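Right, one structure below, let's go through it.
The values are calculated or read from the model by the stated rules, or taken from the named source; none is laboratory data. Values in this document were obtained by computation on a predicted structure and should not be read as measured data. So basically every Cβ, Gly included, is an ideal-geometry build from the backbone, and we count neighbours across all protein chains shown. Each accessible area value is taken on the protein alone, full model and side chains, heavy atoms only, with ligands, DNA and RNA left out. Shrake-Rupley method; radii C 1.70, N 1.55, O 1.52, S 1.80 Å.
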Amino acid sequence: MTKVVDSALDPAVAARLKRTPDGLVCAVVQERGTGDVLMVAWMDDEALHRTLTTGRATYWSRSREAYWVKGETSGHVQHVHEVRLDCDGDALLVVVDQTGPACHTGTHSCFDADVLLAAGS
(Lines give C-alpha, C1' and ligand atoms only; values in the text may rest on other atoms or scores of the structure.)
Protein backbone atom coordinates (compact mmCIF):
# COMPACT_ATOMS: atom_id res chain seq x y z
CA MET A 1 0.00 0.00 0.00
CA THR A 2 1.56 3.27 -1.09
CA LYS A 3 1.92 6.11 1.37
CA VAL A 4 -0.75 8.77 0.85
CA VAL A 5 0.71 12.21 0.19
CA ASP A 6 -2.47 14.31 0.18
CA SER A 7 -4.50 13.12 3.14
CA ALA A 8 -8.11 14.04 3.88
CA LEU A 9 -7.14 14.76 7.50
CA ASP A 10 -8.84 17.90 8.81
CA PRO A 11 -6.42 20.75 7.98
CA ALA A 12 -6.89 22.22 11.47
CA VAL A 13 -5.69 18.97 13.02
CA ALA A 14 -2.88 18.56 10.48
CA ALA A 15 -1.62 22.07 11.27
CA ARG A 16 -1.17 21.15 14.94
CA LEU A 17 0.98 18.06 14.28
CA LYS A 18 4.75 18.20 14.68
CA ARG A 19 6.06 15.35 12.59
CA THR A 20 9.40 13.56 12.34
CA PRO A 21 11.41 14.29 9.17
CA ASP A 22 9.69 11.31 7.53
CA GLY A 23 6.22 12.72 8.31
CA LEU A 24 5.30 10.58 11.32
CA VAL A 25 3.87 11.22 14.78
CA CYS A 26 4.37 8.83 17.69
CA ALA A 27 1.16 7.10 18.82
CA VAL A 28 1.05 5.74 22.37
CA VAL A 29 -1.72 3.16 22.67
CA GLN A 30 -3.50 2.78 26.01
CA GLU A 31 -6.17 0.26 27.02
CA ARG A 32 -9.38 2.02 28.02
CA GLY A 33 -10.49 -0.24 30.88
CA THR A 34 -7.15 -0.78 32.60
CA GLY A 35 -5.06 2.24 31.66
CA ASP A 36 -2.28 -0.15 30.57
CA VAL A 37 0.10 1.19 27.93
CA LEU A 38 -0.14 -1.48 25.24
CA MET A 39 2.22 -0.39 22.51
CA VAL A 40 3.81 2.47 20.59
CA ALA A 41 3.33 2.87 16.87
CA TRP A 42 3.59 5.57 14.21
CA MET A 43 0.97 7.50 12.27
CA ASP A 44 1.20 9.84 9.35
CA ASP A 45 -1.67 12.19 8.46
CA GLU A 46 -3.50 9.49 6.49
CA ALA A 47 -3.22 6.85 9.22
CA LEU A 48 -4.60 9.36 11.71
CA HIS A 49 -7.41 10.29 9.30
CA ARG A 50 -8.33 6.62 8.83
CA THR A 51 -8.26 6.03 12.59
CA LEU A 52 -10.49 9.03 13.28
CA THR A 53 -13.01 8.16 10.57
CA THR A 54 -13.22 4.36 10.99
CA GLY A 55 -12.69 3.89 14.73
CA ARG A 56 -10.12 1.19 13.93
CA ALA A 57 -6.49 1.83 14.85
CA THR A 58 -4.49 2.36 11.67
CA TYR A 59 -0.73 2.86 11.68
CA TRP A 60 2.18 3.35 9.29
CA SER A 61 4.64 0.46 9.39
CA ARG A 62 8.14 1.82 8.98
CA SER A 63 9.57 -1.63 8.29
CA ARG A 64 6.96 -2.67 5.70
CA GLU A 65 6.39 0.88 4.44
CA ALA A 66 2.65 0.28 4.41
CA TYR A 67 -0.50 1.12 6.34
CA TRP A 68 -1.80 -1.54 8.69
CA VAL A 69 -5.02 -1.80 10.60
CA LYS A 70 -4.33 -3.40 13.98
CA GLY A 71 -5.90 -6.85 14.02
CA GLU A 72 -6.57 -7.04 10.29
CA THR A 73 -4.69 -10.32 9.98
CA SER A 74 -4.31 -11.43 13.62
CA GLY A 75 -7.82 -10.69 14.85
CA HIS A 76 -6.31 -8.71 17.75
CA VAL A 77 -8.37 -5.63 16.98
CA GLN A 78 -8.14 -2.20 18.57
CA HIS A 79 -11.47 -0.34 18.73
CA VAL A 80 -10.62 3.33 19.22
CA HIS A 81 -12.52 5.35 21.81
CA GLU A 82 -10.37 8.48 22.07
CA VAL A 83 -7.47 10.08 20.27
CA ARG A 84 -5.71 12.90 22.08
CA LEU A 85 -2.94 15.19 20.89
CA ASP A 86 -0.31 16.17 23.44
CA CYS A 87 0.44 19.80 24.26
CA ASP A 88 3.44 19.95 21.89
CA GLY A 89 1.65 18.28 18.97
CA ASP A 90 4.35 15.62 18.62
CA ALA A 91 2.59 12.62 20.18
CA LEU A 92 -0.84 11.05 20.12
CA LEU A 93 -2.60 9.07 22.83
CA VAL A 94 -4.88 6.43 21.32
CA VAL A 95 -7.29 4.93 23.87
CA VAL A 96 -8.64 1.57 22.74
CA ASP A 97 -10.58 -1.52 23.66
CA GLN A 98 -8.13 -4.30 22.82
CA THR A 99 -9.24 -7.72 21.61
CA GLY A 100 -6.53 -10.31 22.34
CA PRO A 101 -2.87 -9.46 22.88
CA ALA A 102 -1.61 -6.10 21.64
CA CYS A 103 2.02 -7.16 21.17
CA HIS A 104 3.19 -9.13 18.14
CA THR A 105 4.96 -11.49 20.60
CA GLY A 106 1.58 -12.57 21.95
CA THR A 107 1.71 -10.69 25.25
CA HIS A 108 -0.95 -8.29 26.49
CA SER A 109 1.39 -5.30 26.22
CA CYS A 110 4.67 -4.64 24.45
CA PHE A 111 5.91 -3.46 27.85
CA ASP A 112 5.28 -6.72 29.77
CA ALA A 113 8.71 -8.33 29.53
CA ASP A 114 11.57 -5.96 30.33
CA VAL A 115 11.23 -3.99 33.56
CA LEU A 116 14.34 -1.82 33.85
CA LEU A 117 13.35 -0.11 37.09
CA ALA A 118 10.57 -0.87 39.54
CA ALA A 119 10.16 1.30 42.62
CA GLY A 120 10.47 -0.68 45.84
CA SER A 121 12.24 -3.64 44.25
At a probe size of 1.4 Å, how large is the accessible area of LYS3, to the nearest 10 Å²? 70 Å²
Residue-wise, which Karplus ³J(HN,Hα) couplings in Hz belong to the range 107-118, taking 6.51 cos²θ - 1.76 cosθ + 1.60, θ = phi - 60°, and x for glycine or proline? 8, 4, 10, 5, 10, 7, 8, 10, 8, 8, 8, 10
Sequence-distant or interchain residues sharing an amide H contact under 5 Å with VAL77, placed H: which? THR99
For the range 80-121: span of alpha carbons on each principal axis (Å, largest first): 33, 27, 16
Roughly what would the spin-label model give for ALA66 and ASP97, points 7 Å off Cα along C-beta, in nm? 2.9 nm
For the chain, what is the accessible area per residue in Å², given a 1.4 Å probe and the full set of protein chains? 59 Å²
Of the convex hull enclosing the alpha-carbon atoms of the chain, the direction-averaged projected area in nm² is 8.6 nm²
Averaging sequence separations of C-alpha pairs under 8 Å and six or more residues apart, then dividing by the length of the chain, give the relative contact order as a whole percent. 25 percent
How far is helix 45-54 tilted off the main Cα axis of the chain, in degrees rounded to 10, range 0 to 90? 70 degrees
Environment charge of ALA102, counting only residues whose C-beta is closer than 10 Å and scoring Lys/Arg +1, Asp/Glu -1: -2
Rounded to whole Hz and in sequence order, give me ³J(HN,Hα) for the range 20-37 from the Karplus expression 6.51 cos²θ - 1.76 cosθ + 1.60, θ = phi - 60°, writing x for Gly and Pro. 5, x, 8, x, 10, 10, 5, 10, 8, 10, 10, 7, 4, x, 9, x, 4, 7
Do the sum for the chain: with -39,500 (n - 2.57) for every DSSP H run of n ≥ 4, divided by all residues, what is the mean residue ellipticity at 222 nm, to the nearest 500 deg cm²/dmol? -3500 deg cm²/dmol
